[in-house]
Amino acid sequence: MCTGYERGLKIYYKEKEKINEKRKKYVAIMCATLLAFSSLLQGCGKTETASKNSTKEVLSESSEQQSTEPDKITFAFFCNLFIPEDMDMIEEALNEQTRKKINVEVELVPLSLGTYNQQINLMVSGNEKLDLYIMFGGDFTSAINQNKLLPIAQDTLQEYAPGVVNALGII
């Protein structure tokens with residue numbers, strides 16, 4: 001037979017376990033999002049094929065690319081439970097990789113899940129810089145009509161994302 005105190009402890013530990021599970025899911029979602037995002041950015045890099053005669057040209061293009069300012073990408077995403085306090089550290093770690101690999105800097109814009117759709121609508125209607133965002137649900141027609149989504153040209157897909165083209169069977 002449980003006393004009220006023991007029942008209270010059981011409830012407390014069950015709630016604590018639920019919160020920990022939510023945190024684990026949140027961290028897993030953030031990691032998956034950052035992994036997916038960095039995979040998307042790999043297609044933004046410049047690939048160079050050099051013939052024997054154009055080695056010097058490729059080297060000069062490479063040094064020019066490194067000396068130029070990195071492109072800036074704004075990525076909005078939702079946070080389920082809380083917006084992490086160390087978002088600056090996450091952004092800087094991501095930018096270290098993207099600067100080296102594809103000469104891009106990413107501005108992370110974490111938004112509360114409760115107001116996510118409204119914030120995205122405000123950013124789009126206010127012409128704020130927004131390059132990527134997570135779209136959940138199936139309201140693609142509405143997003144296309146509001147110019148939130150734009151098509152990607154077939155030749156661009158074939159050049160920068162041949163794996164996607166092959167996986168989806170797009171010809």
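Past 20 Å, Cα to Cα, is the threshold; run Lys101/Lys129; Lys22/Lys72; Lys100/Lys129; Lys72/Lys100 against it and keep the listed order.
Pairs exceeding 20 Å: Lys101/Lys129; Lys22/Lys72; Lys100/Lys129.
Each listed q (0.26 Å⁻¹) maps to a log10 I(q)/I(0) for the stretch 82-139, found by the Debye formula over equal Cα scatterers with no solvent: -1.12. Spacing of the modelled spin labels on Leu81 and Leu132, each 7 Å from Cα toward Cβ, amounts to 2.5 nm. Restriction of the GluC sites (Glu not before Pro) in the stretch 74-171 to DSSP coil positions whose beta-carbon has at most 16 other beta-carbons within 10 angstrom yields Glu85, Glu128. Using R0 = 41 Å, the C-beta based FRET efficiency linking Glu15 and Thr141 works out to 0.50. Shape analysis of the stretch 132-171 yields a ratio of the Cα radius of gyration to the Kirkwood radius, Rg/Rh, of 1.05.
Find out how many positive minus negative residues lie around Lys72, taking Lys and Arg as positive, Asp and Glu as negative, among other residues whose Cβ is under 9 Å from that of Lys72. Write out the running numbers ahead of the final one.
Numbers: positive: Lys129; negative: Glu69, Asp71, Glu105, Glu107, Asp131.
Taking every other residue near Lys72 into account, the sum is -4.
Sparse packing (at most 13 other Cβ atoms within 10 Å of the Cβ) combined with a DSSP loop state is found for the following trypsin sites (Lys or Arg not before Pro) in the stretch 71-171: Lys129.
Any read-out appearing in this document is the output of simple, stated calculations on the displayed coordinates, not a laboratory observation. Not measured: the values here are computed from a predicted model. Note that we place each Cβ from the backbone using ideal geometry, even for glycine, and neighbour counts take in every protein chain shown.
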